[in-house]
Each structure stands twice: as C-alpha cells, then as structure tokens.
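Accompanying notes for the structure given below.
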Amino acid sequence: MILYLLFATFIGLLYHGIHRKAIARVQGRPGPPIWQEILHTLKFSFKETWIPKTASQSLFIAVVFVAIGIWSAALYVLLSGGSLLLLFGIYLLHKIVEHGMGLSSGSPYGKFGAIRSVISAASELPLLVTIVAVYFFTHSLSIADIVAYQEVHGPLLIVAFPAAVAMYLVILSKMHYGPFSIIEAKEIVSGNMTEHFGVWRAGLQVGFALKTYVLLYAFVLLFIGQLPFVLMLLVMLLILISLSFVCAVTPMLSPYDTVTVQSLVTGALVIYIIILGVIMG
Amino acid sequence: MFNLPTGNIGGQELFVLEFGDIVNYFSPYTAALFVFALIFTVLAIVSRPERQVDIAFGGDAYGAKEVSIDLMRFQRFMAIACGLATLGAMVSGDVFNFTLFASLVGITNIGIVAAYRNRHVLNAAFQYGIVAMLATVPLFGGAAIILASTGTLSMWELFADGVAVPIIAKAFLVLGVMGEGMAPFYVAKAEITRAQGAPFILMVHVSSLLLFLRVIEIVISM
Amino acid sequence: MKKQTALITGVAAGGISVAAWALATGGYIPHWTAELLTIVAFPAFVIFVALWWSAKSGDEDIPFIGY
C-alpha cells in the first residue's frame, strides 16, 4: 500500500516533469530534464526549514499533512471503486487546503493566492455537472459500477462526450502553468505556496504529484474504463501531453476571465443535462 | 435494522446514531466530511491567529498587525461554534435538522467576520448578514415543501425509491445553503483580506464548502 | 525538534503503514482499516523523514561567505 503511494508520487512527479518538458518543446525552448520535479522535491526536502514568525503555526504545518492525506485517500477511493461523490468531495477539500495554505502564513502574497483560489471555486462546478451527467447514464455513483457499466455499454467518452470535456477542463484548471493556474501566478510570487519552503514545500510537491496521478487515473477510469496497468499509465501520459499542449499555447487568464470561462462551460453543461433529462426521461 | 436506501451514492452506512426518531448516519461519504470538519475545528482551537503582514502602498515599509486577546477569544469561540454546527450538519439524518444546522453555520460565520473592528470589514459583515437572512427563507421553505408534499423529513424515508420530492424543494434547499454558507458571496468582497485570515476566516470557508458537499448528497439521494 | 525525534517518528509512521499492509494481506485486519492507517501514517512518514535529513547535526563547517 505504502509502496503504491510512493510509486504514484514518483509517477506524478515524473508526469509534472514531462509536462514542463512538453511545454518547453512546444515553445521552442530546450526545457528541463523530465526528472527535474523529482530533483526539486528532493532538493526542497534537504533545505533548512522553519516556520515564519507571523504564521498561524499549527495550521501552517497541518495543511501540508492534510494535502498529502486527502490525495492518498482519493487514491484508495479510486482503487477500491468507492463513491465518485467522495472523490468530488476530496477535490473540493483540496480548495480548503489551498486556501488555508495561503492564509496561514501572514504573507500578503499567500493571501492573494488564497483569495484567488476561492474565486476560482467556479472550477469545481464542471466536475459536479460531470458527476450528474455520469449518474444519468449509470444510475450509480460507485466507481466500480461505472467501470462495470462501461464494460457492457462501451466507454462513456463516446456517449457522454460533453461530460468528458468538463472533466478535462477540471484537470486543466489544476495543472501547473495552465491558463487557469491564477493561484500561483508569478505576479504574486508563488501565490499561496510562497511561504511554504523547505520540507513543507517538499510535502506539498508530494501531495500535488498524488493529485495529478489521481485526477488523470480518474479520467481514464470514468470515461474509458479499466485498462491493463501499463496501458493505463500510457493513456494517462497521452492525456497529460494533450494538456501540456493546451497549457503551452494559451496565456494565463486574468482571475475574472477564469471565472467567466468556467461559469460559461458549466452553463453549457447544465443545458446539456437538461436536454439529457428531457430525452432520457 | 437500518438500511440506507442509497448505498450506491455515498456508500452503505457504517454506523448510526439514534436520537429518538432522528437517526444520524455515518456513511463513508458523511464520515469523511465529518472527520474533515473535526480536523479543522481542532485546528481552530489550537492554532494561534496569523499576524498579517501589510505593505505600505508606494513605499518599502511593512508591518505585522497584532491581534488583541479579546478579539481572538471571541473569534475562536465563534469558529468552534461554527465547527460544531458543521459537524452536526454533516451526519444529520433529518432534513429539518440539517437546515437548522445550516442556519446556525450562517449565524456563526457572520459572528466571525463581524468581530473585526474595521469599517470595511463590518460593512462586508452587514451585507453577508442580509444575504444569510434572506437565504433562510428558501432554506426552511425547501424543508417545508418537502414536509408538505411527502409527509416526512427523515432522510431514511425520503431517500427511498417510491418517494417523489418536488424539484423546487431541492432547488430551494441548494439555494438556501449557498446563501447561508456565504462562500460564493464572500469571495466577491475583497474587504475580507483586511481581517486576519487564519484560522478563523478559514473556518467560514470550511463550513460553507462542507455544507455544500452535504446538500449535494442529500439532493442527489432524494 | 531534535534530529533523533524526527527519525523515530518518521520510521514509526512508515513501520505502521507497512505493518498495516502486512496484517491486511494476512487477513488479520480489514482492508479499510489498513487504508485508513496508511492515510494517516503516510504524510507523517514523508514529512518526518524529510525533517530528519534536513535537520542540522550541529558540527557543520561554517559556509564560505565571500572575501
């Protein structure tokens, strides 16, 4: 179990590295080596570490533990075929981690990152719409049931294509260097992660690596179905590289444009669900 | 004896807590939310408040704001009350109880924000108060419509297949929770950054997000 | 925190999750209990091991800070 967690962390960090490399190649730069993020994490973990004097001490540390904990839990929910609603819940709880991370330090940059993370709460709504759309087809929110449904009726990617697009957007909004990653924009230093340095940042890197692994795994599981393990990793990598292309060619949006785009997508999906409801009764 | 009719949504119930005819339940979903609310309530109790660093506009000067003991005590009290109300709402097995806890969360949220003695923050708190008050109408209205149309408020019966809950009641319930947990409204007000955030303002966010997650489960299950 | 304490906590957390996995495979405890234990222990394992190897042992050279 802990071995699988370490493996997922490793793969997640490797995917982050590949993401950076792909973006760099699209933009005509050489880019860092693909294991750069693994080195980053190790480097941060060797740095001298303390807690800023202005920080809210327990919270400052606790968010790092919570960040790793919730995504480990999400991985187990996925692997054991638990409730999709629980996965959605964990995704939303990640927002609290981001928010708490920024607020706990006392730094104005962290605070701006935290406020931006709350503003982009609109990015959660497409995921909710995805869940409702999936429920329309499968009549169950248990991941095991959804996988079983796809074995009989074919992948949901085809029958529920708009829902897959929404989920894709959700993953995009959590990718680094993407059009929606306003919480870590460079004009506010590192956003909500500004004051988490050293071991704390290494811990966050581990949590975020698990997050990337879980989100990509969930996408494949929900919309394509259960695949052999190596093929699963390969499909995840392909999705990641498509995301890298999107990240490479789009500029970062301003905070309010982010909300507008995400709300428009949600609105379109709500109309889709209403149509689905009328057609399917 | 008890058997949750909607095991395929939040998982089968692990444990039930009976208070007469009100039966609270812990399914994997509600238990996870409960644990999360508990973690942050404990953090609100043990964390020191942050000392917010402000940069003087147009200069290099910066300073940390001090937090007075009285203010911290009151905010901590409100944050703990808010945490307890959230804990109740997470595992409640009764729609009326849920709405009651939701409105309690609304009240304590206003308390957390209004404690801060700053004109802008108080202005914001006043407006949140109006939103939260308005939201109680659809919140309890939704519960009332459910009672009038089905004759029960127990989730154990409402979740069963044969019971049809009108869609307007569900919509009212969601609308009410969004108003009470004021996350959607409080983000639009930048005044909140003038108050020190952690861990008490964070509690506002925790409670409203968890309430939203719970009401989604209730609405999908009904 | 002392270097020793961080090491002990980290190794203990790692030990707990390995033991939980072993017990679950052997059928002594249910799988969800082992998962729950691992979820709690894994963050502690990561952070405390990192804190252990980033902590000073007290006899470093004074770094070269320029002429």
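The values are calculated or read from the model by the stated rules, or taken from the named source; none is laboratory data. Note that the coordinates shown come from a computational prediction; the quantities given were computed from them, not determined experimentally. Reconstructed Cβ throughout: ideal geometry from the backbone, glycine too, with neighbour counts over all protein chains shown.
From the list A:Leu75, A:Leu59, which one is surrounded by 16 or more Cβ atoms within 10 Å (Cβ to Cβ) and modelled with pLDDT under 90?
Values: A:Leu75 fails: modelled with pLDDT under 90.
None of the others qualify; the one that does is A:Leu59.
Okay, residues lined up against (1) under 14 Å from the mean Cα position of the chain (by Cα); (2) hydrophobic (A, V, I, L, M, F, W, C):
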{"residue": "B:Gln12", "(1), (2)": "no, no"}
{"residue": "B:Phe57", "(1), (2)": "no, yes"}
{"residue": "B:Arg73", "(1), (2)": "no, no"}
{"residue": "B:Leu87", "(1), (2)": "yes, yes"}
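State whether the residues of segment A:245-252 include one that is among the hydrophobic types (A, V, I, L, M, F, W, C), assigned to a helix (DSSP H, G or I) and touching a Lys or Arg at 6+ places or on another chain (Cβ under 7 Å).
Looking through segment A:245-252, none of the residues is among the hydrophobic types (A, V, I, L, M, F, W, C), assigned to a helix (DSSP H, G or I) and touching a Lys or Arg at 6+ places or on another chain (Cβ under 7 Å).
If A:Phe136 meets every condition in (1) at pLDDT 85 or above; (2) surrounded by fewer than 19 Cβ atoms within 10 Å (Cβ to Cβ) apart from one, which number is that one?
Of (1) at pLDDT 85 or above; (2) surrounded by fewer than 19 Cβ atoms within 10 Å (Cβ to Cβ), only one is false for A:Phe136: (1).
Scan segment A:28-56 residue by residue and report those that are surrounded by fewer than 19 Cβ atoms within 10 Å (Cβ to Cβ), touching a residue at least 60 places away in the same chain (Cβ under 8 Å) and facing another protein chain (nearest Cβ under 8 Å).
Once the filter is applied, which keeps residues that are surrounded by fewer than 19 Cβ atoms within 10 Å (Cβ to Cβ), touching a residue at least 60 places away in the same chain (Cβ under 8 Å) and facing another protein chain (nearest Cβ under 8 Å), segment A:28-56 yields A:Lys47, A:Glu48.
Being in contact (Cβ under 8 Å) with a residue 12 or more places away in the chain, more than 15 Å from C:Val46 (Cα to Cα) and within 14 Å of chain C (Cβ to nearest Cβ), is that true of even one residue in segment A:1-15?
yes
I'd like the full set of residues that are outside any helix (DSSP H, G or I) and touching a residue at least 40 places away in the same chain (Cβ under 8 Å), limited to segment B:65-93.
B:Lys65, B:Val67, B:Ser92, B:Gly93
Could you tell me whether segment A:1-18 includes any residue that is in contact with a helix residue (DSSP H, G or I) (Cβ under 7 Å, 6 or more places away or on another chain), of a type in the set (Gly, Ala, Ser) and within 23 Å of C:Ala24 (Cβ to Cβ)?
Within segment A:1-18, one or more residues are in contact with a helix residue (DSSP H, G or I) (Cβ under 7 Å, 6 or more places away or on another chain), of a type in the set (Gly, Ala, Ser) and within 23 Å of C:Ala24 (Cβ to Cβ).
Yes or no: segment B:95-111 includes at least one residue that is within 14 Å of chain A (Cβ to nearest Cβ), surrounded by fewer than 22 Cβ atoms within 10 Å (Cβ to Cβ) and at pLDDT 80 or above.
No: zero hits.
Go through segment C:16-48 and report how many residues are assigned to a helix (DSSP H, G or I) and under 13 Å from A:Met1 (Cβ atoms). Walk me through it before giving the result.
So in segment C:16-48, the residues assigned to a helix (DSSP H, G or I) come out as C:16-26, C:31-48.
Next cut, under 13 Å from A:Met1 (Cβ atoms) only: C:16-25, C:31-42, C:45.
Total meeting the criteria: 23.
Under 9 Å by Cβ, and 6 or more places apart or on different chains, what pairs join a residue from segment B:200-222 that is at the interface with chain A (Cβ under 7 Å from one of its Cβ atoms) and over 20 Å from A:Ala114 (Cα atoms) with one that is among the acidic types (Asp, Glu) and surrounded by fewer than 22 Cβ atoms within 10 Å (Cβ to Cβ)?
Close Cβ pairs (under 9 Å, with a partner that is among the acidic types (Asp, Glu) and surrounded by fewer than 22 Cβ atoms within 10 Å (Cβ to Cβ)) do not exist here.
Before we move on, is A:Ala122 within 15 Å of the chain's Cα centre (by Cα) and either at pLDDT below 80 or of a type in the set (Phe, Trp, Tyr) (or both)? So that I can check it myself, show each step before the final result.
Values: within 15 Å of the chain's Cα centre (by Cα): yes; either at pLDDT below 80 or of a type in the set (Phe, Trp, Tyr) (or both): yes.
Answer is yes for this residue.
Mind telling me which of the residues A:Tyr213, A:Tyr168 ends up being at pLDDT 85 or above, farther than 30 Å from C:Ala50 by Cβ and under 21 Å from the mean Cα position of the chain (by Cα)? Don't jump to the end; show me each part of the working.
Numbers: A:Tyr213 fails: farther than 30 Å from C:Ala50 by Cβ.
Just a single option satisfies the conditions, and that option is A:Tyr168.
Could you check how many residues of segment A:130-189 are within 14 Å of chain B (Cβ to nearest Cβ) and either assigned to a helix (DSSP H, G or I) or touching a Phe, Trp or Tyr at 6+ places or on another chain (Cβ under 7 Å) (or both)? Don't jump to the end; show me each part of the working.
Residues of segment A:130-189 within 14 Å of chain B (Cβ to nearest Cβ): A:130-149, A:182-183, A:188-189.
Within this subset, residues satisfying the condition of being either assigned to a helix (DSSP H, G or I) or touching a Phe, Trp or Tyr at 6+ places or on another chain (Cβ under 7 Å) (or both) are A:130-138, A:141, A:143-149, A:182-183, A:188-189.
Result for segment A:130-189: 21.
Test of understanding: among B:Val187, B:Val131, B:Val163, which residue is at pLDDT below 80 and more than 14 Å from chain A (Cβ to nearest Cβ)?
Numbers: B:Val187 fails: more than 14 Å from chain A (Cβ to nearest Cβ); B:Val131 fails: at pLDDT below 80.
The unique qualifying residue is B:Val163.
In segment B:43-64, what residues are at the interface with another protein chain (Cβ under 7 Å from one of its Cβ atoms) and either in contact (Cβ under 8 Å) with a residue 40 or more places away in the chain or of a type in the set (Ser, Thr, Tyr) (or both)?
B:Leu43, B:Ser47, B:Pro49, B:Glu50, B:Arg51, B:Gln52
Give me a count of the residues in segment A:81-114 that are more than 9 Å from chain B (Cβ to nearest Cβ) and on the phi > 0 side of the Ramachandran plot.
Residues flagged as more than 9 Å from chain B (Cβ to nearest Cβ) and on the phi > 0 side of the Ramachandran plot within segment A:81-114 amount to 1.
Of all the residues that make up segment B:131-158, how many are surrounded by fewer than 16 Cβ atoms within 10 Å (Cβ to Cβ) and closer than 22 Å to B:Phe77 by Cα?
So the answer is 1.
Tell me which residues, restricted to segment C:13-30, are aliphatic (A, V, I, L, M) and exposed (fewer than 14 other Cβ atoms within 10 Å of the Cβ).
Of segment C:13-30, the ones aliphatic (A, V, I, L, M) are C:13, C:16, C:18-20, C:22-24, C:29.
Matches in segment C:13-30: C:Ala22 only.
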